[in-house]
Amino acid sequence: MRRLLTLLPIAFLTAACAETRGSDWVRAGVPPLEPMAGPDSPRSSPAPAPPRDMSSRTIGERAPRDTDPNDSQHETSRPPPAPPRGRPLGVFRNTYYSFPSESDYQGPSVEIFDASCQAIAKVPQAFHDTLCVQGSGRLASQRTVSFAKRDCPCARVCPRTGQRICFESLEPSRFPWGRGAANRPIHPMRTAAVDTAVIPLGTPLYIPAFVGLRRPDGSAHDGCFLAEDRGLHVSGQQIDLFAGSESMLRDWNQRVPTASGVAVYADPTCASR
């Protein structure tokens, strides 16, 4: 007796594939504001911070933090940006600069000069090479020095910029953190360096991304800044924020990384901060 083999039909299941596209981010252009005159400063983007394990300040790189991991002020997460206010100027490339201290540097000494090519002091070469980028700094004698003139024949070449910068010795009680482009003192976590063809000097600015972040005195930042400085390589839609100490620069660069892009607003209510 022959067995009949029954062939069972096999059902094939197919899955429908859906194709998605990412939407483009369109940023509305904002007409440039009228520029204001003011002296230039030599500062370009600050020197790179030590790279992280995962990746690497034009500034360019996030720096490791040497803080207590149990300190709640140094959580890696932070609140979402505060609501906007004021007149929108656009999204700017954010960078930072600092106020180096000679006492943090060692090594072979070189001289720094004033605009008349008179020697101001002998400082570690590494300090000079940072000072000529940042524009201002503190000597071991506690004097403040700040940019006075570029293309000085007596000055050492700045490795990062190729410039020969001469400095001016300032009264530390009046200029504890250096001098800005309007010949006035600058202030940590309040001064912004800008391209004056885009944002005039003296413009009060509001940047929501910085609301709530720690300031040097431990208080929470209100997001207000003042355009009172500029730099040789601060150009176009870029805003260079003065961090003050190099440790604060590392801290803020970790929290709002360089070149991540921040929305900037012209806000008169920030003028009184």
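Just so you know, all these numbers are worked out from the coordinates, no wet-lab data involved. Here the structure is a predicted model, which means the values were calculated and not measured. All Cβ positions, even for glycine, are placed from backbone atoms using ideal geometry, and neighbour counts span all protein chains on display.
Given +1 on the Cβ of Lys and Arg, -1 on the Cβ of Asp and Glu, and no further charges, what dipole in debye does segment 102-170 carry about its Cα centre, rounded to the nearest 20?
Numbers: 8 positive and 7 negative charges, 20 e Å.
The calculated dipole for segment 102-170 is roughly 100 debye.
If you plug each phi of segment 147-154 into the Karplus form 6.51 cos²θ - 1.76 cosθ + 1.60 with θ = phi - 60°, what whole-Hz ³J(HN,Hα) values come out, in order, with x for Gly and Pro?
Working through the residues one at a time gives 3, 10, 6, 9, 6, 7, x, 8 Hz.
Can you give the relative contact order of segment 125-218 as a percent, counting alpha carbon pairs under 8 Å and 6+ residues apart? Mind showing how you got there, number by number?
Numbers: 108 pairs, mean separation 18.4, N = 94.
20 percent.
What are the residues whose amide H is under 5 Å from the amide H of residue 101, where those residues sit 5 or more places off or on another chain and H is modelled from the backbone?
138
Out of residues 5 or more away from residue 205 or on other chains, whose amide H comes under 5 Å of its own, with H placed 1.01 Å from N in the peptide plane?
Residues meeting the amide H criterion: 225, 226, 227, 267.
If you average the sequence gap of Cα pairs under 8 Å that are 6 or more apart and divide by the length of segment 102-170, what percent do you get for the contact order? Kindly include the intermediate steps, with their values, before the conclusion.
Values: 143 pairs, mean separation 22.4, N = 69.
In percent, rounded to a whole number, it is 33.
Applying the Karplus parametrisation 6.51 cos²θ - 1.76 cosθ + 1.60 with θ = phi - 60° to the phi angles of segment 185-190, what ³J(HN,Hα) value in whole Hz is obtained for each residue in order, glycine and proline being reported as x?
The phi angles translate into x, 9, 9, x, 6, 9 Hz.
For residue 163, list long-range residues whose amide hydrogen, built 1.01 Å from N in the peptide plane, is under 5 Å from its own amide hydrogen.
So residue 163 has HN proximity to 158.
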